[in-house]
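Here's the structure we're looking at; comments come further down.
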Amino acid sequence: MPELVVSEAWIEDGGFIHFGSYLTDEEEAKELGGGKHLIDNLSVDRLPPPGKQVTLPPEFYLRELGDLDADDPEEILAFTNTWGLLGKPGLVEIGQPFFDMEHLRVARSSSLPERAELTKEVVSLVDPHSRQNESWENRQFVHFREISVHARLIRDLTRIYAVLADGRDVAELKDDWESAWLPRPEQEIAAQGILVDYLSHALSPFHVALSLQVDGRPFYEPWHPTLFATACLQLANDIAQKQPYRRCHKCGRQFVIQRGRAKYGQNRREGEIKFCSSSCAKAQAQRDLYRRQVEARRLHADGMGVEAIAEHLDAKAESVARWVKGR
Ligand SMILES: [Zn+2]
């Protein structure tokens with residue numbers, strides 16, 4: 001997994017998440033060395049602090065991203081400050097799909113009118129907040145709903161993969177499909193088309209490329225992949241490895257590897273794993289223990305002896321003796 005750079009973000013006007021601000025005076029901007037950051041004749045008035053570097057934990061797209069409340073601007077801000085901005089401004093990371101849902105085949109041209117509607121919707125959200133000349137793709141802010149759109153898309157792509165990998169009917173997607181702008185696929189082929197089109201577009205930054213310098217010499221330009229691309233790469237890796245999802249017997253979450261302390265098997269991958277984390281495993285173990293204690297007391301009250309109870313519950317006699325004394 002590549003490292004990501006996370007810069008500080010803040011929220012304004014109840015839902016706009018900013019990660020840069022502007023000077024109105026261009027001369028001053030140049031003096032401050034803002035030339036590097038000139039954006040459509042606007043300049044960043046404070047160079048963003050050198051961002052901290054983060055590496056996404058395994059299964060970030062299932063866990064941290066899966067848990068994000070996509071309707072809560074404050075939670076989305078905290079998420080952005082921890083992991084970075086999910087989705088570049090301008091929806092550039094969300095593809096223009098070539099899969100034709102109506103005719104269930106690959107179309108010659110981008111074929112989804114809803115994708116255009118999504119753009120319109122976002123334009124109407126951000127336009128009143130944009131400065132004159134501020135470009136759609138190089139804005140220094142997004143509306144939190146733009147982040148929601150990206151989060152929900154990854155979660156829906158994950159759902160498609162989970163349904164297809166288990167050989168379940170795509171009709172099951174209707175229970176939790178989240179991307180309101182994107183028609184839920186009703187045929188398997190359409191679901192495959194959506195998965196392939198949107199993931200492939202999201203992954204397009206992951207290739208080695210050279211650029212030409214001003215003097216005409218080629219050079220390799222280091223780049224930082226985006227959070228959206230990296231989360232999609234995690235999903236694509238699981239698809240490539242035909243990784244089946246497990247479902248936690250305690251909290252119901254989808255996962256691949258158990259997270260947690262070594263005692264409970266740190267990041268366990270092999271064997272029968274019922275719980276997504278050591279805390280779910282522990283919580284379930286405590287609940288099981290409590291049930292056994294209650295059962296032991298009930299049997300004891302009915303007149304059953306300690307030895308017999310121990311055998312019945314497959315427990316140690318000394319434990320049962322302790323339980324029935326209420327300790
Ligand atoms: Zn769990």
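Screening Phe255 with (1) modelled with pLDDT of 90 or more; (2) surrounded by fewer than 17 Cβ atoms within 10 Å (Cβ to Cβ); (3) closer than 30 Å to Glu59 by Cα gives one miss only, at (2).
Of the residues Asp127, Asp169, the single one that is free of Cβ contacts under 8 Å to residues at least 12 places away in the same chain, closer than 25 Å to Glu8 by Cα and surrounded by fewer than 17 Cβ atoms within 10 Å (Cβ to Cβ) is Asp127. Can you confirm whether Arg152 is out of contact with any helix residue (DSSP H, G or I) (no Cβ under 9 Å at 6 or more places or on another chain) and either at pLDDT 95 or above or outside the structural domain of Leu125 (by TED's automatic domain parsing) (or both)? Answer is yes for this residue. In the range 258-276, of all residues being within 15 Å of the ligand (Cβ to nearest atom) and either part of a helix (DSSP H, G or I) or at pLDDT 90 or above (or both), the one that is nearest to Ala162 (Cα to Cα) corresponds to Cys276. Just one of the numbered conditions (1) touching a Lys or Arg at 6+ places or on another chain (Cβ under 8 Å); (2) within 16 Å of the ligand (Cβ to nearest atom) is not true of Tyr245: (1). Annotation: Pro218 fulfils all but one of (1) within 16 Å of the ligand (Cβ to nearest atom); (2) over 28 Å from Ser278 (Cβ atoms); the unmet one is (1).
The values are calculated or read from the model by the stated rules, or taken from the named source; none is laboratory data. Quick caveat, the model's predicted, so the values are computed rather than measured. Here the Cβ is made from the backbone with ideal geometry for all residues, glycine too, and neighbour counts use every protein chain on show.
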